[in-house]
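Engineer: Handing you a structure now.
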Amino acid sequence: MRLPTLSESQQQTQYYSAWMNVAIHMIVGIPQFQKAEKIAERLRLPLQIVESSLMSLEKMGLVQSKNGKW
């Protein structure tokens, strides 16, 4: 079953709805924080939250997973 795609407005709402989405999006640009575990540790967030946020950011086309890194 395919999930419906979000409009640009809906994506913006989802992106800005939680500070962690923005923080995670910014921190993946730093080489030592391109793994979910390192991001979770640095931001003091549960790994599940970081992984969920990364998946959402990937669906929005803002991050990409490659070889276990974001």
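FYI, it's all coordinate maths here, none of it is from the lab. These figures come from a predicted structure and were not determined experimentally. Here Cβ is always computed from backbone atoms with ideal geometry, including for glycine, and neighbour counts include all displayed protein chains.
Engineer: Bin width 10 Å, origin at 0, all Cα-Cα pairs of the chain: what percent of pairs per bin?
Structural biologist: 20, 55, 23, 2
Engineer: Going Cα to Cα from K66, which aspartates and glutamates come in below 18 Å? Please leave out same-chain ones fewer than 8 positions away.
Structural biologist: Correct list for K66: E37, E51, E58.
Engineer: How far apart, in nm, are the 7 Å Cα→Cβ label points at R42 and E58?
Structural biologist: Here the modelled spin labels are 1.9 nm apart.
Engineer: Also, I was wondering about something else. Taking a spot 7 Å from the Cα of K66 along the direction of its beta carbon, which residues of the range 13-49 have an amide N less than 17 Å from it?
Structural biologist: Answer for the range 13-49: 28-36.
Engineer: Would you please calculate the Kirkwood hydrodynamic radius of the range 30-69 over all C-alpha pairs and express it in Å, rounded to one decimal?
Structural biologist: On the way: mean 1/r = 0.0975 Å⁻¹.
After inverting the pairwise mean of 1/r, the radius is 10.3 Å.
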